[in-house]
Amino acid sequence: MLHQISVMGISEDLKQRTFNSETSKSVVNIIFTGNWMMQQMHELLKPFGLTPQQYNVLRILRGQQNNPMTVLAITERMLDKMSNASRLVDKLLEKNLVLRRECPHDRRAVDILILPAGLTLLSEIDQVQKAWEMNFQGISHEKMSQLNDLLDEFRNVFTNN
């Protein structure tokens, strides 16, 4: 069962009245919210027998529109850069959701393709995720856009230093 979105603030969620600064509070809030979102994804994907990392690989492959990718290229696009993409691909192979084949241009490399069963599974998950995202319908498009801009700005601080 997916958890309802908390209407409390981070101070109430963590039972912490004060933070060293608004920046410290923001960092804690982002980490807490990120972990909360990952738990939500685990719950959403559990009935489909996938982990969030496996789901991420399938989505990356679907975005290639039948063009193969190497494991290295998949790794570069993953949300969780610490994931072992080779192991994830092996798990997806066992589930008959992807195909691994020798790369015709480089015999040392292998290409990974999503199979029709993988695309079908993603379509099923899309419907469940779309229903789950309805929980956020009370947040305006403008606020969602602002949130995306703020998160991008937050990360870009480190790439510009």
Specify the angular offset, from 0 to 90 degrees and rounded to the nearest 10, of the alpha carbon long axis of helix 116-133 from the longest principal axis of the alpha carbons in the chain.
10 degrees
How much length, in nm to one decimal, is gained on full extension between F48 and E153, taken as 0.36 nm per residue of separation minus their Cα-Cα distance?
34.4 nm
Add -39500 (n - 2.57) for each DSSP H run of 4 or more in the chain, then divide by its residues: what number comes out at 222 nm, to the nearest 500 deg cm²/dmol?
-19000 deg cm²/dmol
Return, ordered by residue number, the residues of region 57-73 whose backbone nitrogen is under 18 Å from a label point located 7 Å along Cα→Cβ of D126.
57-67
Any idea what angle helix 141-159 forms with the longest principal axis of the chain, computed on alpha-carbon atoms, 0 to 90 degrees, nearest 10?
80 degrees
Heavy-atom accessible area of region 37-161 with neighbours in place, 1.4 angstrom probe: carbon+sulfur share in percent works out to 53 percent
Probe 1.4 Å, heavy atoms of protein chains only: per residue, the accessible area of the chain in Å² is 71 Å²
Among all the aspartates and glutamates, which ones have a C-alpha under 20 Å from K81's C-alpha, if same-chain residues fewer than 8 places away are not counted?
D90, D111, D152, E153
Gaussian network model of the chain, Cα within-10 Å springs - most flexible of R100, R108, R87
R108
Return one number: the angle in degrees, 0 to 90 and rounded to the nearest 10, between the long axis of the Cα atoms of helix 52-63 and the longest principal axis of the Cα atoms of the chain.
60 degrees
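Multiplying the sequence separation of F136 and K91 by 0.36 nm and subtracting their Cα-Cα distance, what value in nm do you get? Don't jump to the answer; show the numbers that get you there.
Details: separation 45, 0.36 × 45 = 16.20 nm, distance 3.20 nm.
Extra length available between F136 and K91 comes to 13.0 nm.
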Placing +1 at every Lys and Arg Cβ and -1 at every Asp and Glu Cβ, with all other atoms neutral, what dipole size does the chain have around its Cα centre, in debye to the nearest 20?
420 debye
Please give the contour-minus-distance gain from N84 to E102: 0.36 nm per residue of separation, less the Cα-Cα distance, rounded to one decimal in nm.
4.5 nm
How much space per residue, in cubic angstrom, does the convex hull of the C-alpha atoms of the chain take up?
158 Å³
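The values are calculated or read from the model by the stated rules, or taken from the named source; none is laboratory data. A quick note: this is a predicted structure, and the numbers were derived from the prediction, not measured. When we count neighbours, we look across all protein chains shown, and the Cβ atoms used for this are built from the backbone with ideal geometry, even at glycine. What goes into the accessible areas is simple: the full protein's heavy atoms, side chains included, and nothing from ligands, DNA or RNA. Shrake-Rupley method; radii C 1.70, N 1.55, O 1.52, S 1.80 Å.
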